[in-house]
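Throughout, read-outs are computed from the coordinates displayed, never taken from laboratory work. On a predicted model such as this, the values are computed, not experimentally measured, just so you know. A quick note on method: Cβ atoms are made from the backbone with ideal geometry, for glycine too, and the neighbour counts reach across all protein chains shown.
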Amino acid sequence: MSAGEAPPPLPGKKRRIAVMTSGGDAPGMNGAVRAVVRMSIAKGCEAYAIYEGYDGLVKGGDMIKEMKWTDVRGYLGEGGTLIGTARCAAFFERPGRLQAAKNMVLKGIDALVICGGDGSLTGADKFRAEWPGLLEELVKNGELSAEQISPFKHLNIVGLVGSIDNDMSSTDATIGCYSSLGRICESVDYIDATAFSHQRAFVIEVMGRHCGWLALMAGVSCGADFIFIPEKPPSENWRQEMAKIIGKHRKLGKRKTIVIVAEGAHDLNLEKITPAMVKDVLCNDLHLDTRITTLGHVQRGGQACAYDRMLSTLQGAEAVNAVLEATPDTPSPVISIIENKIVRKPLLEAVKLTQQVTEAIKAKDFERAMHLRDAEFAEYYAAYMITTSAEKPELLLPPEKRMRVGLIHVGAPAGGVNAATRAAVAYCLARGHTPIALHNGFPGLIRHHSDKPLGAVREISWLDAESWASKGGSEIGTNRGLPSEDYETVAHVLEKYNIQALFMVGGFEAFAAAAGLRKERENHRAFKIPMCVLPATVSNNVPGTEYSIGSDTCLNALIEFCDACRQSASSSRRRVFVIETQGGYSGYIATLAGLSIGAFSVYTPEEGINIKMLDRDIDHLRETFAKDRGQGRAGKIILRNEKASSTYTTEVITSIIKEEAKGRFEARSGIPGHFQQGTTPSPMDRVRATRFGVKSLQHLELFAGKTQDQICDDPMSSTVIGIKGAKVTFSPMELVEAHETDWKERRPKEEFWLGLKDIVDTLSGRMVKPQIV
Ligand code: ATP
């Protein structure tokens, strides 16, 4: 089987699975359609698309079309939804749904995957509940015969949540929300620069009629001064409260003010709070030159970010599995993501919970509204609150519980390291701790007292770190060097500055540094302090976590690079790009980028490269290009991790492909190198960095006032924070070092993403293993 064509037909009954996009369009919907279509075909089913949402289902005919393998080529990179969407009044009424049921039976479709918001999924669930009754009625009124309906007794419905608002309960993220957040952050970053220049205030309205996720996350990502969200209205005297906080920020020296207002913002009495009302306060009470910007539909549009491409692909593939595994009694599922795990949840319950949030807001029960949003939402809100305001007397710890916390960056910079450090600084100040930057990593610390000082040790103020949320690079400087270069001096400096806790942000080097310091505790009293590593590296190879901050920024940079390469091939079409990714000895970045761009193949260090593999892939390319009749607007991409093989380098592979292509297609290599570190950190890296930064400091704080022996006896005094499956956890370094670390290859022993490579191969058609259904 070659990429670009369907696998051979299978014996047995073929199921027909249809996919539809409905409600407001969201970036990533096309990725979901592509995944459902190709996974269905790969599993031996027939795939259909229903055009224009429920409108197409009710109208039938040409609006319901069979989709072949090549029909969804290029879908991943396109914004909006290529199969269209609509709001359909007819589907709200039973006669409309009756017509829809008839069309499905006539087209032989018995499973429907719907990508839409809570309205679309409510409609879908109603449709399934009514299905037997609808079929009965169609027979009774003579529109269909009993024989016609007999194979369609059970309708399978699977929901994928496509919505930019991230307003659905039971999932951490909806398809489209991170792309939309990216659009918002990009705009706020632009506005930020002009606000700073003129010392202006900006009130920015973002989407979210019933859900404040976009406003909250934009507030966290961009370091907004104040936010208004529907779930957590401000107090009745919000005008004074806001003026006090923003006035305080200005007094501390802040030159600009950003206030983010969700479309559905209101006060405790459900009276709407508009950007104009906010502007009045800023102009009249604080005398700030204030402008309003309404971002509007810009927030919906454009290409999907890496996360949405990956999420929609994995969820689309999982939706097909859910259809094929369903029994008549299985409740309709919605495919969700909790932290890092794709899971199935009961659709009806998710819809009910979502509607309860709206009801709770209507009933002014805001505590319940916050409670009904997932736990992550409340944590982000808490992280925002603690990182935004300069003083919070009620949060201050008693003097004996306050610590001097050292903050250090280790290794190469990665998107989000500054946001994490900013969060740690703000948290420290809110609690009365002293945040101390240890500049330029451990070598900076070691050479601090030498003739040629490299680093510096200095206290950071709220204003110093205030603007770091959106900054790339490392504001306090970083270095790959380890403390093992000179434990003696490191201990000496930590003692000299009375560092009582250490927060290390970085990749595998930070992890190795923490391991070294922990082991050296017996030799140096200065290391008998609580320490926490926040993994931050484009390679995502730190043991103890499935996600390192910076890896999402890297994936976005890589898809931008790959999209540009592909586009450059659009005139010649027959071109293969061999693109070398970073990642050290971990194939994570290559594989996830492969999912996000729909790579032809991915070469990882875990699997290695051999001649058979190349031979097969070149055959595959030959067949694909031979059959290409112009639908393949784009070139093919092979992603090769930098350490996948020492023999088959990127250049060697490119030359082999060129030679073997015999002029039938071209091959080019591309090495994005440091481009992969990205410029501005992605919103996901910023928000996760902020949340993990706060959590890390909360964890370190648990050891305040403990003796050195108590600290050393507690394995939790030296930890790595991370995401494991559906949870955020702190793992004791000694356990992770001993049991979870492949020290030779500098990566975790178990890599959760290894199975995802099969999905890349299946969806590119490289290695379809059709199953009989
Ligand atoms: P968004 O998050 O963008 O608003 P949504 O899926 O919630 O997306 P809606 O406009 O609420 O968008 O719903 C889309 C379509 O789903 C409706 O036009 C209608 O055809 C169908 N639908 C919504 N709610 C129901 C319902 N209660 N019963 C039947 N059909 C419904």
query: In Å, what Rg and Dmax follow from the Cα atoms of the stretch 593-735?
result: 23.4, 73
- request: Return a whole-number percent for the relative contact order of the stretch 279-387, with Cα pairs under 8 Å and 6 or more residues apart as the contact set.
  value: 11
message: Over the stretch 527-642, what portion of Cα pair distances is larger than 23 Å, expressed as a whole percent?
response: 38
Calculated FRET efficiency for the pair ALA456/GLU236, C-beta based, R₀ 45 Å, to 0.05: 0.45
message: Sorted from largest to smallest, which semi-axis lengths in Å does the alpha carbon gyration tensor of the stretch 591-674 give for its equivalent ellipsoid, taking the root of 5 times each eigenvalue?
response: 21, 16, 12
field: Cα-only Debye scattering, the stretch 425-541: base-10 log of I(q)/I(0) at q = 0.13, 0.21 Å⁻¹
entry: -0.50, -1.35
- request: Give me the number: length gained by fully extending GLU271 to GLU359, i.e. 0.36 nm times residue separation minus the C-alpha to C-alpha distance, one decimal in nm.
  value: 30.1 nm
message: Angle check, please: helix 551-568 long axis (alpha carbons) against the longest principal axis of the chain (alpha carbons), in degrees 0 to 90, nearest 10.
response: 50
- request: Going by C-beta contacts inside 10 Å, put HIS620, HIS266, HIS433 in order with the fewest on the left.
  value: HIS266, HIS620, HIS433
Sorted largest first, extent of the stretch 469-590 alpha carbons per principal axis (Å): 65, 28, 23
message: Just to check I understand the Karplus step: with θ = phi - 60° and J = 6.51 cos²θ - 1.76 cosθ + 1.60, what whole-Hz values come out for the stretch 510-516, glycine and proline as x?
response: 5, 5, 5, 4, 5, 4, x
message: Distance cut-off 21 Å, Cα to Cα: go down the list LYS401/LYS727; LYS401/LYS528; LYS59/LYS107; LYS232/LYS254; LYS727/LYS757; LYS341/LYS362 and report the pairs above it.
response: LYS401/LYS727; LYS232/LYS254; LYS727/LYS757; LYS341/LYS362
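What per residue convex hull volume, in Å³, comes out for the stretch 181-235 when only alpha-carbon positions are used?
So the per-residue Cα hull volume is 77 Å³.
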message: Report D for the stretch 371-444 in µm² per second (integer): Stokes-Einstein, Kirkwood Rh on Cα pairs, 37 °C, 0.692 mPa s.
response: 236
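Starting from the Kirkwood radius over alpha-carbon pairs of the stretch 672-715, derive D by Stokes-Einstein at 20 °C in a medium of 1.002 mPa s and give it in µm² s⁻¹. Mind dumping the intermediate values first?
Working: Rh = 13.3 Å.
For the chosen part, D equals 161 µm²/s.
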field: CD proxy at 222 nm, helix term only [per DSSP H run n ≥ 4: -39500 (n - 2.57); per residue of the chain; nearest 500]
entry: -13000 deg cm²/dmol
task: Would you kindly state how much longer the chain becomes between ALA146 and ALA626 on full extension, computed as 0.36 nm times their sequence separation minus their alpha carbon distance, in nm to one decimal?
output: 168.1 nm
statement: Contour minus Cα-Cα span, LYS251 to THR194, at 0.36 nm per residue, comes to 18.5 nm
message: Restricting to DSSP loop positions (anything but H, G, I, E, B) with no more than 10 other Cβ atoms inside 10 Å of their own Cβ, which trypsin sites (Lys or Arg not before Pro) remain in the stretch 580-661?
response: ARG629
message: How long are the semi-axes of the equivalent ellipsoid of the stretch 90-220, taking √(5λ) for every eigenvalue λ of the Cα gyration tensor, in whole Å from largest down?
response: 47, 12, 11
- request: Could you pull the Cα extents of the stretch 299-341 along its three principal axes, largest to smallest, in whole Å?
  value: 39, 21, 16
- line: In degrees rounded to 10, the 0-90 angle between helix 275-284 Cα long axis and the longest Cα principal axis of the chain is 20
statement: Length-normalised contact order of the chain, Cα under 8 Å, at least 6 apart, in percent, tallies to 15
message: Could you tell me the extents of the chain's C-alpha atoms along the three principal axes, largest first, rounded to whole Å?
response: 87, 69, 49
- line: Counting only residues 5 or more apart in sequence or on a different chain, those whose built amide H sits under 5 Å from that of ILE204 are VAL259, ILE260, VAL261, THR293
query: How high is the relative contact order of the stretch 456-583, given as a whole-number percent (alpha carbon pairs under 8 Å, six or more residues apart)?
result: 18
- line: Here D for the stretch 645-718, in µm²/s, from Stokes-Einstein with a Kirkwood Rh over Cα pairs at 37 °C and 0.692 mPa s, works out to 185
task: Rank by packing, highest mean first: peptides 330-339, 406-415, 736-745, with packing defined as the count of other Cβ atoms within 10 Å averaged across residues.
output: 406-415, 330-339, 736-745
- prompt: Relative to a virtual label point 7 Å from the Cα of LYS744 in the Cα→beta-carbon direction, which members of the stretch 600-616 show backbone nitrogen distances below 20 Å?
  reply: 604-610
field: From the C-alpha gyration tensor of the stretch 27-103, square roots of 5λ in Å
entry: 24, 15, 9
- line: HN-Hα couplings for the stretch 23-37 via Karplus (6.51, -1.76, 1.60; θ = phi - 60°), in whole Hz with x for Gly/Pro, come out as x, x, 5, 8, x, x, 4, 5, x, 5, 4, 4, 5, 5, 4
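Within the set LYS279/LYS364; LYS519/LYS724; LYS68/LYS126, which residue pairs have Cα atoms separated by over 27 Å?
LYS68/LYS126
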statement: Residue by residue through the stretch 348-357, the couplings from Karplus 6.51 cos²θ - 1.76 cosθ + 1.60 with θ = phi - 60°, in Hz, x for Gly and Pro, are 4, 5, 4, 5, 4, 4, 5, 5, 5, 4
- prompt: Got a sec? Charge dipole of the stretch 199-353, +1 on Cβ for Lys and Arg, -1 for Asp and Glu; which of GLN240, ILE342, CYS283 is way out at the positive end?
  reply: CYS283
field: For the chain, size of Cβ-based charge dipole, Lys and Arg +1, Asp and Glu -1, in debye
entry: 1080
